Amino acid sequence: MIPSLSTSLRKYIAEFIGTFTLVFIAAGSNAVDHISHGILGLTGMAIATGVTVMVMIYAIGHISGAHINPAVTIAMSVTGKMGTRDSFAYIISQVAGACAASFMLMEMFPSAVGSVHLGATSLGTNISPAAGMVIEAILTFLLVFTIFGVAVDSRSPPGLAGFTIGAFVLLAILIGGPVTGASMNPARSFGPALMAGYWTDHLVYWIGPIIGGIVAALVYDNVFISDAVVEERGDAVGDGV
């Protein structure tokens, strides 16, 4: 009989599995698209990734919050919604899941290593690293802002987080895919890059998403959530004066 696992360990395992699934499908769709000579296309890859994010939110959201993204975890940490130890453990779990998925893809699709770098994200033609960083920051800002709006804010309609966040990821890939790959997720970029040995402009996919996620979290937490708390408690505060 398997001994009972701690709540924290369950969360870390869930983040590993969730990120494994995301990278296996998102990066794997690139490999399949190459092998099938473009049968999926950008739209197919965007749908595959967006739906995977949606499914994982519903599958493990009640266990770990379904961050499956270091930029999201860091955003939660800087706004005090999770502790430093859990934050580090989440990020390690996410990166490990991404690497495990990429290793499996490398074994399944060896031809994709040299052709599409196992689905590692890369900048489009004539897109500079600085421009790519800004694009990734903007896309991740919008992603994290959406997450805070539909999953963190207690006033949001229940049950819609997975669909809404997945839909945003789908749309972001349709817009940003041709220019940066629309990673919005350092782990998603790191796993394939490590296995394929493809590090061109890799820092873009850490710096941009982390900055964008932190700014979004601070804006939502201080402008919208704080205001809501003040409004909800306004009468009580007045009575106490």
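The values are calculated or read from the model by the stated rules, or taken from the named source; none is laboratory data. If you're wondering where the values come from, they're calculated on a predicted model, not measured in any experiment. Because the Cβ atoms are built from the backbone with ideal geometry, glycine has one as well, and the counts that use them run over all protein chains shown. These area figures cover heavy atoms from the full protein model, side chains too; ligands, DNA and RNA do not enter into them. Shrake-Rupley method; radii C 1.70, N 1.55, O 1.52, S 1.80 Å.
For segment 73-195, the solvent-accessible area of protein heavy atoms averages 42 Å² per residue (probe radius 1.4 Å; ligands and nucleic acids excluded).
Packing, taken as the mean count of other beta carbons within 10 Å per residue, orders the peptides 106-115, 183-192, 13-22 from highest to lowest as 183-192, 13-22, 106-115.
Using only Cα atoms, tell me the angle between helix 186-196 and the longest principal axis of the chain; keep it within 0 to 90° and round to the nearest 10. Once rounded, the angle reads 20 degrees. Across the chain, Cα-Cα distances exceeding 22 Å account for 52% of all pairs.
With the highest mean first, a sort of the peptides 150-161, 127-138 on other beta-carbon atoms found within 10 angstrom per residue produces 127-138, 150-161. Once the chain from ASN222 to LYS81 is taken as fully extended at 0.36 nm per residue, the excess over their C-alpha distance is 49.5 nm. Extending 7 Å from Cα along the Cβ direction at ALA167 and again at LEU42 yields two label points whose distance is 2.1 nm.
If R₀ is 30 angstrom, what is the calculated FRET efficiency for the pair LEU5 and SER115, using the beta carbon separation as r and rounding to 0.05? Before the final figure, lay out the partial values.
Numbers: r = 40 Å, r/R0 = 1.34.
E between LEU5 and SER115, to the nearest 0.05, is 0.15.
ASN126 to LEU160: FRET efficiency via 1/(1 + (r/R0)^6), r the Cβ-Cβ distance, R0 25 Å, to the nearest 0.05?
Values: r = 38 Å, r/R0 = 1.52.
Between ASN126 and LEU160 the formula returns 0.05.
Is any residue of segment 168-205 close enough, with backbone N under 20 Å, to a label point placed 7 angstrom from the Cα of VAL134 along the Cα-Cβ axis, and if so, which? Answer for this model: 172-173, 175-185, 201-205. On C-alpha positions alone, give me the angle between the axis of helix 41-64 and the longest principal axis of the chain, in degrees, nearest 10. It is inclined by approximately 40 degrees. Surface composition of the chain: carbon plus sulfur atoms hold 69% of the accessible area, using a 1.4 angstrom probe and ignoring ligands, DNA and RNA.
Comparing segment 1-119 with the 2.2 N^0.38 Å rule of thumb, its C-alpha radius of gyration ratio is 1.16 (two decimals). Rounded to the nearest 10 degrees, the angle from helix 7-35 to the longest Cα principal axis of the chain is 40 degrees.
Would you mind classifying segment 89-143 by shape? Square roots of the alpha carbon gyration tensor eigenvalues, ordered a ≥ b ≥ c; an a/c under 1.5 is rounded, otherwise it is prolate if a/b is larger than b/c and oblate if not.
Working: a/c = 3.50, a/b = 1.28, b/c = 2.72.
Taking the square roots of the gyration eigenvalues as a ≥ b ≥ c, segment 89-143 is oblate.
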